[in-house]
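Student: Mind looking over this structure? Questions follow.
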Amino acid sequence: MLEQYIPFIGLLIFGNIENLILASQGVVQGVDPKVLGLLSIIAVIIWLIIGTVATDVAMQYANIITFIGGLAIFILGVKAVIDAVKNIRAQKGGA
């Protein structure tokens, strides 16, 4: 039964990493942690519903979806690091 979801294992891992990256961006920007947590939970629930409904349709595009998801994670990660470095430098300059 779980064999049909094996093509999406990379996307599951990338999705968790993406959630961590977005959370770190929110922290760097000073977002309220309660709001950030609530929005994160809502996003996970929405993706769960989409994944449950659209898995059969998306199965033929699993490799493309995983590549696009991985690329998005990479871009978000680079952006998060750049923003964090800018924030650290701004704090050191202002201190």
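Student: If you go through the range 59-95, how many residues are touching a residue at least 40 places away in the same chain (Cβ under 8 Å) and not acidic (D, E)?
Tutor: 15
Student: Where residues in the range 43-69 are of a type in the set (A, V, I, L, M) and closer than 15 Å to I9 by Cα, which of them is least open to solvent (accessible area, probe 1.4 Å)?
Tutor: A62
Student: Restricting attention to the range 23-37, and to residues there that are of a type in the set (S, T, N, Q) and open to solvent by less than 70 Å² (accessible area, probe 1.4 Å), which single residue is farthest from D83 (Cα to Cα)?
Tutor: The residue in question is S24.
Student: Can you pull out the residues in the range 70-95 that are under 19 Å from G15 (Cα atoms) and open to solvent by less than 70 Å² (accessible area, probe 1.4 Å)?
Tutor: G70, A72, I73, L76, G77, V78, A80
Student: Hey, another quick one. Between a residue in the range 12-36 that is aliphatic (A, V, I, L, M) and any residue that is open to solvent by 60 Å² or more (accessible area, probe 1.4 Å), which pairs come within a Cβ distance under 8 Å, given they are 6 or more apart or on different chains?
Tutor: Filtered contacts from the range 12-36: V27/P33; L36/V27.
The values are calculated or read from the model by the stated rules, or taken from the named source; none is laboratory data. Keep in mind it's a predicted model, so treat the numbers as computed, not measured. Note: ideal-geometry Cβ built from the backbone for every residue, glycine included; neighbour counts use all protein chains shown. Accessible surface is based on the protein model in full, side chains and every heavy atom, while ligands, DNA and RNA are left aside. Shrake-Rupley method; radii C 1.70, N 1.55, O 1.52, S 1.80 Å.
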